[in-house]
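Since the structure comes first, as structure tokens, the remarks are kept for the end.
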Amino acid sequence: MAINFKKKKAALVATLALGAVLAFGLAGCGAQSASSDKSASSDDKTITVAATPSPHAEILNNAVKPLLEKEGYTLEVKEFTDYVQPNTVTEEGEVDANYFQHITYLNNFNEEKGTHLVSVADVHYEPFGLYPGKTKSLDALADGATVAVPNDATNEARALLLLQDAGLITLKDDAGINATRNDIVSYQKNLQLKEVEAATIPNIVADVDIACINGNYAIPAGFKTTDALATESATSLAAEAYANVLVVKDGNQDSDKIKALVKALTSDEVRTYINDTYAGAVVPVF
């Protein structure tokens with residue numbers, strides 16, 4: 001009987017010990033789960049946005065971030081210098097949104113790449129500028145003068161429309177925002193188009209006679225709209241077709257964080273910041 005009692009006692013101790021281990025393990029899992037939930041909750045208050053440096057990242061960091069902080073959100077801006085990666089990381093879910101492109105480029109990108117990106121807000125319009133290079137005025141352009149234009153479809157069309165408005169080329173009547181060099185009916189002075197990646201045009205202005213430059217590349221390079229030989233009119237087709245937009249992957253537009261971002265980005269405070277900072281080089285459209 002004594003031996004059986006000892007065996008039962010040993011078994012009881014082992015059972016209690018195992019129960020303690022299991023309880024500790026479950027408690028540990030519960031703590032880990034709670035920690036994970038807390039982390040997820042924390043992530044919901046962090047908004048990541050892909051943007052080109054100027055003016056997009058500047059607007060986000062200087063004007064939008066303080067407004068979001070008041071609402072309990074942390075804004076993280078990831079800067080890119082090209083027009084492809086911001087859309088790629090948004091499509092892949094690496095960021096919550098992007099802010100760098102106009103609506104026409106977005107539509108073209110979705111069509112070509114098969115992405116599922118949507119605009120959630122029209123924010124601003126950057127007048128496209130025609131800037132002097134080796135030639136300092138349009139009247140001084142020589143026969144065969146070289147004009148630098150962006151080589152991507154939507155921005156080249158925009159450049160062609162600006163050149164037409166400046167009286168330097170004539171396009172087919174129905175060319176519109178889909179214009180290509182094949183739509184050019186006539187040139188003034190036999191102008192030569194030099195197709196270059198949009199981001200690099202500011203670096204080659206000295207090598208061409210005149211250059212068509214996107215606003216977000218002109219601003220950091222020191223070009224001012226007041227120095228331009230011609231700019232897009234605020235009432236032009238371009239002003240409507242090339243409004244810069246806030247973009248998310250389809251399905252994310254109704255999330256709380258995106259709604260908070262839209263509210264901040266289209267606020268009176270941001271409108272004032274844009275008008276005071278860019279003196280007409282960036283124009284709010286909200």
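The values are calculated or read from the model by the stated rules, or taken from the named source; none is laboratory data. None of the values given here were measured: they were computed from a predicted structure. For neighbour counting, all protein chains shown are included, and Cβ atoms are generated from backbone atoms with ideal geometry for every residue, glycine included. Heads up: the accessible areas ignore ligands, DNA and RNA and are worked out on the full protein's heavy atoms, side chains in. Shrake-Rupley method; radii C 1.70, N 1.55, O 1.52, S 1.80 Å.
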Problem - Gly251, sole failed condition from (1) on the phi < 0 side of the Ramachandran plot; (2) at pLDDT 95 or above - result: (1)
Problem - Tally of residues being in contact (Cβ under 8 Å) with a residue 24 or more places away in the chain and closer than 16 Å to Ala206 by Cα across region 122-141 - result: 10
Fill in the blank from the handout: Of the listed residues (Val149, Val118, Val185), the one being assigned to a strand (DSSP E or B), more than 20 Å from Val262 (Cβ to Cβ) and either touching a helix residue (DSSP H, G or I) at 6+ places or on another chain (Cβ under 9 Å) or at pLDDT below 95 (or both) is Val149
Practice task
Six or more apart or on different chains, Cβ under 6 Å: which pairs go from a residue in region 63-87 that's over 17 Å from Ala51 (Cα atoms) to one that's of a type in the set (A, V, I, L, M) and open to solvent by 30 Å² or more (accessible area, probe 1.4 Å)? Could you list them?
Solution key: none
Practice task
Could you please let me know if Ala140 is open to solvent by less than 50 Å² (accessible area, probe 1.4 Å) and of a type in the set (A, V, I, L, M)?
Solution key: no
